[in-house]
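A.B. asks: This structure is in structure tokens; I'll ask about it shortly.
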Amino acid sequence: MFLSMLKSKLHKAAVTGCMIDYEGSIEIDSALMKAVGLIPYEKVLVANLANGNRFETYTIPGKSNSGVVCLNGAAALLGKTGDRVIILSFVLVAVGEAPKHLPRVLALDSHNKPVKKKSLKKS
């Protein structure tokens with residue numbers, strides 16, 4: 001048996017743009033993706049703190065250290081520039097490995113610069 005567990009989290013990323021005329025996805029600064037272990041075309045869940053919208057899409061890497069977080073395609077209708085979002089990815093973990101699993105989490109400031117990087121601690 002496997003459990004679906006949090007793998008990666010970019011907390012409070014600021015949306016830097018919205019492009020409706022795109023096939024779809026969320027463009028994320030490739031340095032931020034690397035910091036939490038996201039890879040290109042990985043499925044993510046995005047939660048918009050400004051309006052409560054939650055949607056799934058896939059990642060595409062943006063210019064490294066640019067701070068870009070751009071909603072593309074239909075996702076562009078679910079947020080606007082300046083909204084703060086939480087970007088989450090999940091992984092299947094064998095039940096026996098679950099107690100040892102730690103997600104990679106990065107909190108961001110309003111310019112998408114890292115505030116802190118940590119793995120969530122087990123109590």
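The numbers here are math on the coordinates, done by the rules we state, and not lab data. Because the structure is predicted, anything quoted here is derived from the model rather than measured. Cβ atoms come from the backbone with ideal geometry, glycine included; neighbour counts cover every protein chain shown.
A.B. asks: Roughly how many debye, to the nearest 20, is the charge dipole of the chain about its Cα centre, given +1 on each Lys and Arg Cβ, -1 on each Asp and Glu Cβ, and no other charges?
C.D. replies: Dipole of the chain, to the nearest 20 debye: 740 debye.
A.B. asks: Right, next: What aspartates and glutamates sit close enough to residue 63 to cross-link, taking a C-alpha to C-alpha distance under 12 Å and skipping anything fewer than 8 places away on the same chain?
C.D. replies: 27, 29
A.B. asks: Identify which of 88, 77, 38 has the largest mean-square fluctuation in a Gaussian network model of the chain, with springs joining Cα atoms closer than 10 Å.
C.D. replies: Comparing 88, 77, 38 in the GNM, the peak value goes to 77.
A.B. asks: Also: Based solely on its DSSP helices, what 222 nm [θ] is calculated for the chain when runs of n ≥ 4 H residues each add -39,500 (n - 2.57) and the sum is averaged over all residues, nearest 500 deg cm²/dmol?
C.D. replies: It comes out at -1500 deg cm²/dmol, rounded to the nearest 500.
A.B. asks: Over the Cα atoms of region 2-95, Rg to Rh with Kirkwood Rh, two decimal places?
C.D. replies: 0.96
A.B. asks: How would you rank 91, 36, going from fewest to most other Cβ atoms within 10 Å of each one's own Cβ?
C.D. replies: 91, 36
A.B. asks: While we're looking at this one, here's another question. If you take the beta carbon distance between residue 19 and residue 42 as r and set R0 to 30 Å, what does 1/(1 + (r/R0)^6) give as a FRET efficiency, to the nearest 0.05?
C.D. replies: Once rounded, the FRET efficiency stands at 0.95.
A.B. asks: A further question follows. Within the chain, what is the longest stretch that has no trypsin sites (Lys or Arg not before Pro) placed in a DSSP loop and near at most 12 other beta-carbon atoms within 10 Å?
C.D. replies: 1-62
A.B. asks: Let me ask you something else. Say a site is exposed when it is one of the GluC sites (Glu not before Pro), sits in a DSSP loop, and has at most 13 other Cβ atoms within 10 Å; what is then the longest site-free stretch of the chain?
C.D. replies: 24-96
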